[in-house]
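Have a look at this one.
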């Protein structure tokens, strides 16, 4: 027995694949023989998951390369191949744990890791998930998403918090996302794991806006000078010089 929402979602994907061009909401509803509100809700989810993209609010929709990567290489393997040069360079420079994460809904799933050889470390195994709200990986990704998409994810992430303090927590998260976007990298210290700090950047330049790479460092190995060096390694040269002033 099929599930109606899955039938409709794949119907929309098939229409986009057949058309080989961007389609408006009205065109997708007509071609898929579905109500506009239903198509709009499904497109929101597909966009959050990275399977469709929209140039601007109210614009046409088209498929991303994510479906192709699933078919041709496997999503995780294709992403690891793209990120490997950067991850290996960061590991060689600092010998700290380098993580690769992929945004899935309101969570970041870890799809790759290069472990530090130093004795004190915290390793997250591939397949584990954390809320984007408290991770440098997640913040780096979400901070650079379009405003409407970012707002939906923030709403969903904060909905799980206790009602008391939810508004304040949302304000803190929004301020942190704005700061992350401004400086180009995300930072968190002991918010996910006690004693561990992380720096992360999105992989937008590699064509993977829903992925990010992070350096995870025990806080006792994270003095200001080391943090500055890591920021410089993560960011393009011009941006890192501005960040380190």
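Please determine, in degrees from 0 to 90 and to the nearest 10, the orientation of helix 147-159 with respect to the longest principal axis defined by the Cα atoms of the chain, where the helix direction is its Cα long axis.
Compared with the principal axis, the helix lies near 70 degrees.
May I ask for the angle, rounded to the nearest 10°, between helix 36-49 and the longest principal axis of the chain, with both axes built from Cα atoms and the value confined to 0 to 90°?
Result, in degrees: 20.
Rounded to the nearest 0.05, what FRET efficiency do residue 104 and residue 174 have when you use their Cβ-Cβ distance and R0 = 25 Å?
0.70
On a 0 to 90 degree scale, rounded to 10, what angle separates helix 224-234 from the longest Cα axis of the chain?
Tilt of helix 224-234: around 40 degrees.
Per-residue ellipticity at 222 nm for the chain, helices alone: DSSP H runs ≥ 4 residues times -39500 (n - 2.57), over residue total, nearest 500 deg cm²/dmol?
Computed ellipticity for the chain at 222 nm equals -15500 deg cm²/dmol.
Based on the Kirkwood radius over alpha-carbon pairs, what value in µm²/s does the Stokes-Einstein equation return for the translational diffusion coefficient of segment 4-64 at 4 °C and 1.567 mPa s?
Calculated translational D: 117 µm²/s.
Considering Cα pairs under 8 angstrom that are at least six residues apart, work out the relative contact order of segment 143-228 and quote it in whole percent.
After rounding, I find 19 percent.
Moving to a separate point now. Test of understanding: ordering 42, 3 by Cβ neighbours within 10 Å, fewest first, what list do you get?
3, 42
Here's a follow-up. Before anything else, pin down the relative contact order of the chain: Cα pairs under 8 Å, at least 6 apart, normalised by residue count, whole percent.
Computed value for the chain: 15 percent relative contact order.
Debye sum, Cα scatterers, the chain, no solvent: what log₁₀ I/I(0) at q = 0.07, 0.08 1/Å?
So the normalised log intensities are -0.26, -0.34.
Compute a Gaussian network model of the chain, connecting alpha carbons closer than 10 Å, and tell me which residue from 202, 119, 35 fluctuates the most.
Per the Cα network of the chain with a 10 Å cutoff, 119 tops the list.
Rule-based calculations on the coordinates, nothing more; no lab input. Here the structure is a predicted model, which is why all the values come from computation and not from measurement. Cβ coordinates were reconstructed from backbone atoms using ideal geometry, including for glycine residues, and neighbour counts include every protein chain displayed.
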